[in-house]
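To keep things clear, I will list the structure first and then write my remarks on it.
Every number in this text was worked out from the coordinates using simple rules, so none of it is lab data. On a predicted model such as this, the values are computed, not experimentally measured, just so you know. We place every Cβ from the backbone using ideal geometry, glycine too, and count neighbours over all the protein chains shown.
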Amino acid sequence: MKQARRIGFLLLLLAGIYAMPAQAQQNDAIRPGEVWNDTDGNPINAHGGGMLYHEGTYYWYGEYKTGKTILPEGATWDCYRTDVTGVSCYSSKDLLNWKFEGIVLPAVKDDPGHDLHPSKVLERPKVIYNRKTGKFVMWAHVDSADYGKAAAGVAVSDSPAGPFEYLGSFRPNDAMSRDQTVFVDDDGRAYQFYSSENNATLYISLLTDDYLKPSGKFTRNFIKQSREAPAVFKHEGKYYIISSGCTGWDPNQAEIAVADSIMGPWKVIGNPCTGPDADKTFYAQSTYVFPVAGKKDAYIAMFDRWNKKDLPDSRYVWLPIEFKDGQITIPWKAQWSPASLETSNK
Ligand code: DGJ
């Protein structure tokens, strides 16, 4: 009898623990490759992401990956996927503590033909702000489960935290578009960078003034060099692009290139990563680079460490870019803090 009561008490205690809300947590450092929790205590779910800084707040958008990772039947390559859930958004003022703002572009579950149906592919969402229209514009890679559609999808919102209205998809400049990013230059012009021609060649496409379509002006770059995962930034008047090779979800060596003009020509510098596993980009792949607001020469490079057989458990590798003696490097750091970024990193 006594034992039954003790077991009952234990069960009640366990039920109580499970019913407790996840503990809010203060993050004090960036630890690449570890599980990062949001302010609700849940793992941050924003893969292949991009960053927008707007009115003192950072907004991190990414692929919200949940559920089982599957290899479609009859697949001839490693096209592991999860059902499309949507694009998530997190906000932060310190780049350490992230509040979940929700799924800002959700999957469309009731229309199997829709780009955002769970059976499709939705990757690498990036959001830019258009000063003229006051709209937040999202570009993303939308695809069929076998990656044959190779298109860009566009969505708009009046607020950085969504909801975004999906406008549709197309092949920009009549060319395939898979891995992609968007970049706004100082003059307000925006560009889409995308792996095209079956990932062989990287296109740079000037967007229309409203950022919703290609303007028709584009260049072909890194021709037949099979670059993907483009991440673009500008430093001291020069343009830089970090990209990966083309090996599916598996890591390879990153490459950085520089140009005086955003449409090219680009000059390959080499692998910016240094330290252990630098030849495999620390087992990760580039997705975005952004300047830290208010700090000179402080840029953060965002990478994804994909876990192809369990994609929702893919991790984030964020590292500061260093500019020293005319060299650009991304040294490995197991732990670091954005507050410690030097104000004059020279
Ligand atoms: C590599 C790309 O960079 C990822 O975004 C994803 O499309 C995988 N390929 C799919 O294999």
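Cα centroid separation, the stretch 70-144 to the stretch 218-245: 22 Å. Dipole magnitude for the chain: computed about the Cα centre from +1 point charges on Lys and Arg Cβ and -1 point charges on Asp and Glu Cβ, it is near 460 debye. Were the residues from Ser215 through Lys132 laid out at 0.36 nm apart, the gain over their Cα-Cα distance would be 28.3 nm.
Annotation for Ala339 and Thr274: the two label points, set 7 Å from Cα along the Cα-Cβ direction, are 2.7 nm apart. Taking Cα atoms only, the orientation of helix 2-19 departs from the longest principal axis of the chain by about 20 degrees. The smallest convex shape that holds all Cα atoms of the chain, its convex hull, gives 162 Å³ per residue. Relative contact order for the chain: 13 percent, from Cα pairs under 8 Å spaced at least 6 residues apart, divided by residue count. Since only His235, Thr219, Ala152 are under comparison, the one whose Cα sits farthest along the positive direction of the charge dipole of the stretch 136-240, derived from C-beta charges on Lys, Arg, Asp and Glu, is Thr219. With a simple spin-label model that places each label point 7 Å from the Cα along the Cα-to-Cβ direction, the separation between Asp146 and Asp260 comes to 4.7 nm.
Can you work out D for the stretch 255-346 in µm² s⁻¹ from Stokes-Einstein, where Rh is the Kirkwood radius over C-alpha pairs, the temperature is 10 °C and the viscosity is 1.306 mPa s? Once the numbers are plugged in, D ends up at 110 µm²/s. For the stretch 91-138, applying the loop criterion from DSSP together with a ceiling of 16 other beta carbons within 10 Å to the trypsin sites (Lys or Arg not before Pro) yields Lys93, Lys109, Arg131, Lys132.
With a threshold of 32 Å on the Cα-Cα distance, the over-threshold entries among Lys65/Lys149; Lys267/Lys333; Lys93/Lys267 are Lys93/Lys267. Within the shell of other residues whose beta carbon sits under 9 angstrom from the beta carbon of Gly49, the net charge comes to 0, with Lys and Arg scored +1 and Asp and Glu -1.
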